[in-house]
Amino acid sequence: MRMDLIIVGVGGQGILLASRVMGRLAMNAGRDVKVSEVHGMSQRGGDVITHVRIAEAVQSPLIEEGKADAMIAFERMEAVRALPYLKKGGLIVVNTQKIAPAPVLAGAAEYPEGLLDALESAGELLALDAQHIAKKLKAPRAVNIILLGAFARRRGGDQAAWLEAVSACVPPRTVEANLSAFLAGWEAAVQ
Amino acid sequence: MEKALLLGDEAIARGAWEAGCRVVSSYPGTPSTEVTEAIAAYKEINAEWAPNEKVSLEVAFGAAMAGARAMACMKHVGLNVAADPLFTAAYTGVRAGLVVVVADDPAMFSSQNEQDSRYYARSAHVPILEPSDSQECKDFTALAFALSEQYDTPVLVRLTTRIAHARSLVTLGERLDRPVPAWEKEPQKYVMMPGNARRRHPIVEQREKKLAEDASEMEINRIEMRDTTLGVVCASVCYPYVREAAPDASVFKLGMTYPLPETALRAFAAKVERLIVIEELEPFMEDSLKAMGLPAAGKAETGLQGELGVRKVRRALFGGETRLIAAPPQVLPRPPALCPGCPHRAVFNILRKQKLNVFGDIGCYTLGATPPLNAMDATLCMGASIGMAFGAEKAQGKAFSRKSVAVIGDSTFLHSGVTALIDAVYNSGTITVLILDNRITGMTGHQENPASGRDIYGSPAPMLDLAALCQACGVKHVRTADPYDQKALDAAVGEEVSREAVSVIVVKWPCILLEKEHPAPYHVEGCKACGVCMRLGCPAIGSGADRTVQINPNTCVGCGLCASVCPFGCMKLLERGEHA
């Protein structure tokens with residue numbers, strides 16, 4: 001496994017946990033891994049980007065523009081914002097949810113149209129309404145793990161290894177709920 | 001050997017634990033906070049949040065002087081506050097290892113400036129180590145304790161955001177327990193009055209010379225000879241950038257960036273055709289190399305601002321493409337904002353309504369400066385709001401304070417605002433101070449402080465009474481207020497601002513992120529599109545093309561601020577479980 005992955009979304013969406021699961025997966029597989037996180041002021045509803053690099057030996061903790069193999073986006077406009085990182089034809093797993101930024105809330109701008117088209121033309125797109133799936137599971141906070149499930153399936157991952165990584169990273173009393181969320185994402189990836 | 005995927009900060013904590021560190025005192029500050037949070041999980045270490053960085057370093061120094069390995073952690077601007085004890089601790093030296101962890105923030109992800117802490121090492125005459133990944137964070141911390149004892153000096157360990165907040169694999173080791181020796185009196189070494197300090201200063205100079213000589217033999221200063229047409233000198237996160245951008249170049253990888261290993265650097269420079277220094281922020285190493293007469297370059301290409309990366313390093317080394325790829329044009333900015341239900345918003349609503357001049361401070365509430373609130377005129381550094389307000393009164397006259405306030409959080413007030421309040425009372429000021437008391441240090445991720453009633457372990461602790469403290473400082477007009485009783489807060493601010501005396505309003509409401517249970521969300525009925533609620537800048541309220549507003553039931557926490565400002569009473573509480 002060698003992969004440069006960008007995980008993006010809005011502060012508070014559970015991006016750090018998703019990146020931690022990826023890191024755990026790589027570590028369990030005996031690979032070198034670096035995960036670069038964002039903490040602090042940007043987390044207060046701002047855009048958040050995490051870099052995950054997995055290889056035999058990883059140097060820079062940051063992925064260069066145009067070099068990411070894949071992207072997991074928790075929000076559709078954030079996926080487009082991070083497109084400069086993606087290599088041509090890279091995998092994009094996107095939650096189709098729209099979270100209005102300040103200019104839209106203020107009525108000063110419209111939430112942009114055509115974002116999914118932009119993603120479609122940039123790479124291999126898997127778009128899913130993870131928020132809807134999370135609601136059906138009665139687990140509104142599980143959007144992150146659902147997206148990981150979909151990403152894992154699309155990348156042809158070993159399900160058991162993923163489930164082990166998820167279990168190791170979530171709080172003990174939420175393991176069962178998170179494994180269900182992962183499997184729901186895994187199922188959603190074939191549609 | 002067991003491995004773990006640790007943040008640089010967590011690896012520092014692990015390194016301190018393995019090195020037998022017993023005492024850690026810190027003040028939170030991004031990106032250093034997680035060191036001390038991780039330390040609190042090690043039961044062999046006595047950890048604490050101090051009211052500020054100066055106190056934290058003094059506590060750590062006291063422990064080290066009394067024979068226990070000790071550490072203080074802070075962000076770059078925190079070292080300004082702790083500079084006073086640092087400079088003289090460099091004279092006294094230590095009995096057990098004393099390590100000061102300082103985390104710089106190139107690109108200012110969560111900071112008010114981009115200062116480069118390495119200059120503190122040079123001007124205080126203490127060594128500074130710079131790890132380049134989490135494994136080195138652990139190893140260098142242990143080494144820092146050893147060097148501290150070997151050379152009888154405090155040792156700085158410098159991180160940057162990309163080291164502190166990046167996870168990488170770390171091989172874990174065991175703890176070396178070190179007994180604390182009996183207390184020994186040694187006033188000639190530890191009482192720094194002129195006579196003793198004059199005897200210590202030459203020792204500082206000799207120690208630094210010895211360190212500089214020994215540096216060329218230290219394993220953490222490593223030469224990787226490859227192609228000799230290019231030789232790069234680097235440290236910290238720049239090392240992996242350089243290795244990736246120029247895998248064939250010869251590299252001098254520094255683990256200790258002050259004092260520099262001059263002998264080894266001269267030998268390296270002699271072997272390479274072109275000598276480039278890659279470093280973020282200031283030309284700290286490059287200037288030193290130039291002072292040695294070596295033909296170093298690099299800063300002209302890398303610049304003084306922001307962080308570097310593989311692409312920028314490649315460009316600096318080999319030229320070529322200069323423009324970074326921009327995000328597609330249709331993407332809108334997403335600036336951070338106060339959370340839905342944040343009690344600070346309720347305060348800024350009143351300050352803006354009364355058109356006051358607002359001297360702000362460091363914390364989440366600095367976001368009160370952003371649109372549409374636009375309710376802040378100045379933010380300088382921790383605790384500065386009160387001093388700035390008093391200084392402005394001196395410049396503009398007392399009438400100016402009849403339309404001005406200082407706004408400061410509970411943790412920031414205790415950090416360094418209280419001394420400015422004492423100044424204003426003592427010197428006949430008439431300012432009004434609002435202490436936004438949410439009982440926690442919010443922006444850095446909810447660390448306890450002396451007003452929280454809990455310590456770093458979450459155990460009950462004496463809860464400092466902010467109102468009583470202000471009274472003890474001599475403030476005659478101190479009152480408390482509920483931010484969500486907007487009428488009463490409006491009246492209280494009006495009265496206190498007009499009063500020609502120092503006054504304090506303690507505005508009490510807990511950080512909304514700490515509240516697990518929320519009232520049901522509000523919804524809108526019969527909106528008249530007046531736009532009044534939109535001026536609150538609440539992320540749960542959005543306006544459509546026709547200017548009528550909706551409330552997002554998923555993010556609204558039912559604080560009711562919008563209901564209290566709506567002139568037409570359109571905001572209705574949803575019954576629990578009901579859907580709009």
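Just so it is clear, none of the values below were taken in a lab; they were calculated from the coordinates. Quick caveat, the model's predicted, so the values are computed rather than measured. FYI the Cβ positions are ideal-geometry reconstructions off the backbone, even for glycines, and counts take in every protein chain you see.
Along the axis of the charge dipole computed for chain B (Cβ charges of +1 for Lys and Arg, -1 for Asp and Glu, origin at the Cα centre), the listed residues B:193, B:47, B:242 are led at the positive end by B:193. Assign one of three labels to region B:522-573, namely rounded, prolate or oblate, based on the Cα gyration tensor with a ≥ b ≥ c the square roots of its eigenvalues; rounded applies when a/c is under 1.5, prolate when it is not and a/b is larger than b/c, and oblate otherwise. Since a/c stays below 1.5, the shape of region B:522-573 is classed as rounded. Taking the Cα centre of each part, how many Å lie between region B:442-499 and region B:119-186? So the two Cα centres are separated by 37 Å.
Would you work out the relative contact order for chain A, in percent, from Cα pairs under 8 angstrom that are 6 or more residues apart? Over chain A, the number comes to 21 percent.
Extension gain, residue B:318 to residue B:267, is 16.0 nm, computed as 0.36 nm per intervening residue step minus the present C-alpha separation. With a cut-off of 13 Å between beta carbons, the residues surrounding residue A:61 carry a summed charge of -3, where Lys and Arg count +1 and Asp and Glu -1. Remark: the Cα gyration tensor places the protein assembly as shown in the oblate category, a/c being 1.5 or greater and a/b not exceeding b/c.
Over chain B, Cα pairs under 8 Å with separation of 6+ residues give a relative contact order of 11 percent.
Over region A:1-150, the hull volume per residue, using the convex hull of the C-alpha atoms, is 113 Å³. Rounded to the nearest 20, the size of the Cβ-charge dipole of region A:37-181 about its Cα centre is 420 debye, with Lys and Arg at +1 and Asp and Glu at -1. Ranked by the mean number of other Cβ atoms within 10 Å of their residues, highest first, the peptides A:50-63, B:195-208 fall in the order A:50-63, B:195-208. Charge dipole (Cα centre; +1 on Lys/Arg Cβ, -1 on Asp/Glu Cβ; no other charges) of region B:3-215 amounts to roughly 520 debye. Region B:23-49 and region B:234-278 have Cα centres separated by 33 Å. Placing unit charges on each Cβ (+1 for Lys and Arg, -1 for Asp and Glu) gives region A:3-188 a dipole about its Cα centre, and among A:11, A:125, A:174 the Cα reaching farthest toward its positive end belongs to A:174.
Between residue A:90 and A:124, the built amide H atoms are under 5 Å apart, and every one of these is 5 or more places off in sequence or on another chain.
Alpha carbon centre of region B:507-546 versus region B:311-366: separation in Å? Centre-to-centre distance over Cα atoms comes out at 21 Å. Taken about its Cα centre, the protein assembly as shown carries a charge dipole of roughly 820 debye when the Cβ of each Lys and Arg holds +1 and the Cβ of each Asp and Glu holds -1. Could you pull out the pairs from B:54/B:299; B:209/B:290; B:355/B:398; B:528/B:572; B:353/B:398; B:476/B:508 whose alpha carbons sit more than 25 Å apart here? Too far apart for the 25 Å limit: B:54/B:299. Calculated FRET efficiency, residue A:57 to residue A:110, Cβ-Cβ distance, R0 = 56 Å: about 0.75 to the nearest 0.05.
Selection among B:357, B:173, B:115 by position relative to the dipole of chain B gives B:357 as farthest towards the positive end (Cβ unit charges, Cα centre). For region B:473-504, backbone nitrogen atoms closer than 17 Å to the point 7 Å from residue B:403 Cα along Cα-to-C-beta are found at B:494-500.
Estimated from the Cβ-Cβ distance and a Förster radius of 56 angstrom, the FRET efficiency linking residue B:188 and residue A:129 is about 0.15. When the Cα atoms of region B:343-514 are aligned to their principal axes, the ranges along those axes come out at 47, 36, 29 Å in descending order.
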